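One structure is given here, and the rest of the page talks about it.
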Amino acid sequence: MDIETDITDRLTVQAAIRHEKFNNFDSTTNYKLAGLFRSTDSLRMRVA
């Protein structure tokens with residue numbers, strides 16, 4: 001599942017979660033959180 005939304009005109013956040021179950025191995029759950037900040041039209045900063 002992946003969700004992305006604009007908080008403001010300059011700030012976008014993204015969150016994701018994935019769960020996998022393997023036959024010969026344990027299951028795993030992975031999370032992701034990221035953000036994009038547009039300080040100017042030509043400069044963007046991304047964190048993940």
Q. What are the extents of the Cα atoms of the chain along their three principal axes, listed from largest to smallest and rounded to whole Å?
A. 49, 16, 10
Q.
Test of understanding: ordering Phe25, Phe37 by Cβ neighbours within 10 Å, fewest first, what list do you get?
A. Phe25, Phe37
(Q) Taking the Cα centre as origin and putting +1 on Lys and Arg beta-carbons and -1 on Asp and Glu beta-carbons, what dipole magnitude results for segment 3-48, to the nearest 20 debye? (A) 100
**Q.** the chain: relative contact order in percent, alpha carbon pairs under 8 Å with at least 6 residues between
**A.** 30
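Here, each number is a calculation from the coordinates, and none is a lab measurement. Small disclaimer: the values here were computed from a predicted structure and weren't measured. As a convention, Cβ positions derive from the backbone with ideal geometry for all residues, glycine included, and neighbour counts pool all protein chains shown.
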